[in-house]
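Take a look at the structure set out below.
The values are calculated or read from the model by the stated rules, or taken from the named source; none is laboratory data. Since this is a predicted model, take the numbers as computed values, not measurements. In this analysis, Cβ positions are derived from the backbone assuming ideal geometry, glycine residues included, and neighbour counts consider all displayed protein chains.
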Amino acid sequence: MGMLIQLKNRITGSGGVAHLRSGALGEKAAKKFLKQQGLKFLTANFRSPRGEIDLIFRDTDCLIFTEVKTRSSEEWTRPAAAVDAERRRRLTQCSLDYLQLLKNPKIKIRFDIVEVLMTDGKIREIRHLPNTFPMAKPHRYL
């Protein structure tokens with residue numbers, strides 16, 4: 001693909017794999033929704049060697065590690081069901097990496113899931129599931 005087409009696709013957001021585009025749209029919608037709920041946005045797509053966290057927020061004395069699941073259908077199961085034990089383990093490890101970068105502050109943490117439901121490429125519904133799961137064993141923080 002020519003460089004001009006790649007540049008155009010980056011600027012306009014076209015091109016790329018459909019599920020990645022819907023995932024990015026879902027994360028953007030989740031970020032806006034949580035900010036409207038009064039949470040302070042810190043970062044998106046934090047990566048460490050042990051995983052990735054979609055969105056990180058702060059609510060007064062609590063850091064919120066947020067996994068966003070975007071789906072066009074709930075025929076088989078709810079989007080949050082995709083956050084299985086392995087995914088929770090990776091989110092836990094990645095959150096510990098983030099906290100280590102902050103020099104392990106004395107702060108509460110929680111893990112939230114945001115379900116974003118789409119129809120015909122448009123956001124239909126956003127569901128915020130706070131404190132959905134605890135830190136995966138054997139890990140713990142403060």
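Residue by residue, here is whether (1) farther than 24 Å from ILE123 by Cα; (2) small (Gly, Ala, Ser); (3) surrounded by fewer than 19 Cβ atoms within 10 Å (Cβ to Cβ) holds:
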site	(1), (2), (3)
GLN36	no, no, yes
ARG47	yes, no, yes
ILE53	no, no, no
CYS62	yes, no, yes
THR70	no, no, no
GLU75	no, no, yes
ALA81	no, yes, yes
CYS94	yes, no, no
ASP97	yes, no, yes
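Considering only residues in region 91-134 that are basic (Lys, Arg) and in contact with an Asp or Glu (Cβ under 8 Å, 6 or more places away or on another chain), the one that is nearest to PHE65 (Cα to Cα) turns out to be LYS108. Which of the residues belonging to region 93-109 are touching a strand residue (DSSP E or B) at 6+ places or on another chain (Cβ under 6 Å) and basic (Lys, Arg)? The one that is touching a strand residue (DSSP E or B) at 6+ places or on another chain (Cβ under 6 Å) and basic (Lys, Arg): LYS108.
For every residue, the table says whether it meets (1) at pLDDT below 90; (2) under 18 Å from MET118 (Cβ atoms); (3) out of contact with any Lys or Arg (no Cβ under 7 Å at 6 or more places or on another chain); (4) aromatic (Phe, Trp, Tyr).
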| site | (1), (2), (3), (4) |
| --- | --- |
| VAL17 | yes, yes, yes, no |
| GLU27 | no, yes, yes, no |
| LYS35 | no, no, yes, no |
| PRO49 | no, no, yes, no |
| ARG58 | no, no, no, no |
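Results for (1) under 13 Å from the mean Cα position of the chain (by Cα); (2) of a type in the set (Ser, Thr, Tyr); (3) at positive phi, shown as yes or no for each residue.
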position	(1), (2), (3)
LYS103	no, no, yes
LYS106	no, no, no
ASP112	yes, no, no
VAL116	yes, no, no
THR119	no, yes, no
GLU125	no, no, no
HIS128	yes, no, no
ASN131	no, no, yes
LYS137	no, no, no
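Scanning region 99-127 for residues that are surrounded by 10 or more Cβ atoms within 10 Å (Cβ to Cβ) and basic (Lys, Arg) gives LYS108, ARG110, ARG124, ARG127.
Filtered by the rule that a residue be at pLDDT 90 or above and of a type in the set (S, T, N, Q), region 104-142 gives ASN104, ASN131, THR132.
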